[in-house]
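Take a look at the structure set out below.
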Amino acid sequence: VSNTVSWQHAKYKEPKMMTAKNWVKIHCCVGTRTNVITAVEITDRFSHDATHFLPVLEATRKNFNVEQVSADKAYSSMKHFAYAEQHGIQPFIAFRDNATAQGDYATSVWQKAFHYFNLNRTEFLQHYNKRSNVETTFHMLKSKFGGLLKSKDFQAQKNEALAKIICHNIAILNSAMNEFGIKPNFMV
């Protein structure tokens with residue numbers, strides 16, 4: 001989410017803008033049925049994505065029963081596969097092109113996931129494609145509440161992005177209440 005320019009424009013069309021413009025990154029877990037954002041971390045544009053995988057997944061596990069997790073190859077690491085196996089989560093994380101099942105670093109969890117990825121590609125992709133729900137969620141968020149932030153200060157940008165996420169989740173809750181005929185019972 002940018003306060004002045006889109007990330008793709010800055011990266012691909014005018015790389016010199018990368019230093020002049022500012023944006024924040026939203027790292028989150030998203031429910032595959034509802035598109036509700038279950039946990040989030042907001043960082044500056046230089047923060048590496050993979051370092052936020054475990055904290056966001058752990059925060060999601062506190063409130064939800066996580067059976068599967070899908071993530072792109074930026075999150076492909078033995079640490080993430082080991083965490084998933086330790087907590088009974090089936091990982092559908094794509095492997096980088098240079099990944100192998102060989103070597104001293106390749107744990108049994110890594111090897112098992114690597115072979116499943118390569119030998120059962122069609123089945124893997126059926127689960128992995130649920131990852132596209134996060135892109136849908138970001139599209140929903142930007143369509144309803146805009147993709148630009150008005151704030152200039154990082155903390156203010158972070159708060160503004162969190163406010164948009166809260167509004168998104170309220171809209172999802174409202175939609176689910178109408179779709180499923182749920183009547184809220186507010187305690188007075």
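The values are calculated or read from the model by the stated rules, or taken from the named source; none is laboratory data. Since the model is a prediction, treat every value here as computed from it, not as a measurement. Don't worry about glycine lacking a Cβ; one is built from the backbone with ideal geometry, like all the others, and counts go over all protein chains shown. The protein model used for the area step is the full one, side chains on, heavy atoms only, and it has no ligands, DNA or RNA in it. Shrake-Rupley method; radii C 1.70, N 1.55, O 1.52, S 1.80 Å.
A few comments on the model shown:
- All distinct Cα pairs of region 116-188 go into the 1/r average, and the inverse of that average, the Kirkwood radius, is 15.4 Å.
- Each residue of region 110-124 was assigned a 3J(HN,Hα) from its phi angle through the Karplus expression (A = 6.51, B = -1.76, C = 1.60, θ = phi - 60°), giving 4, 4, 4, 5, 4, 5, 4, 4, 7, 9, 10, 4, 5, 5, 4 Hz with x at Gly and Pro.
- Calculated P(r) tail over 15 Å for region 66-131, as whole % of Cα pairs: 46
- If the segment from GLN155 to LEU125 were pulled out straight at 0.36 nm per residue, it would be longer than the present Cα-Cα gap by 7.0 nm.
- Candidates THR100, THR60, THR43, ranked by Gaussian network fluctuation over the chain, Cα under 10 Å, top entry: THR100
- Comparing LEU162, LEU119, LEU149 in a Gaussian network model of the chain, where Cα atoms under 10 Å apart are tied by springs, the biggest mean-square fluctuation is seen for LEU119.
- Solvent-accessible heavy-atom area per residue, rounded to whole Å², over region 133-188 at 1.4 Å: 71
- Its DSSP H runs of at least 4 residues, each contributing -39,500 (n - 2.57), put the calculated 222 nm mean residue ellipticity of the chain at -13500 deg cm²/dmol, to the nearest 500.
- Taking all protein chains as shown and a probe of 1.4 angstrom, HIS80 keeps an accessible surface of around 10 Å².
- For a straight C-alpha distance cut-off of 13 angstrom, the aspartates and glutamates reachable from LYS158 (same-chain residues fewer than eight places away being disregarded) are GLU41, ASP44.
- About the centre of its Cα atoms, the chain shows a dipole size close to 540 debye [charges on the beta carbon of Lys, Arg (+1) and Asp, Glu (-1) only; nearest 20 debye].
- Relative contact order (percent, whole number), region 14-150, Cα cutoff 8 Å, 6+ residue spacing: 21
- Take the convex hull of the alpha carbons in region 57-188; its mean projected area over all directions comes to 12.2 nm².
- With all protein chains modelled, accessible area of LEU125 [1.4 Å, Å²]: 70
- Antiparallel content of DSSP bridges confined to the chain, in %, to 5: 60
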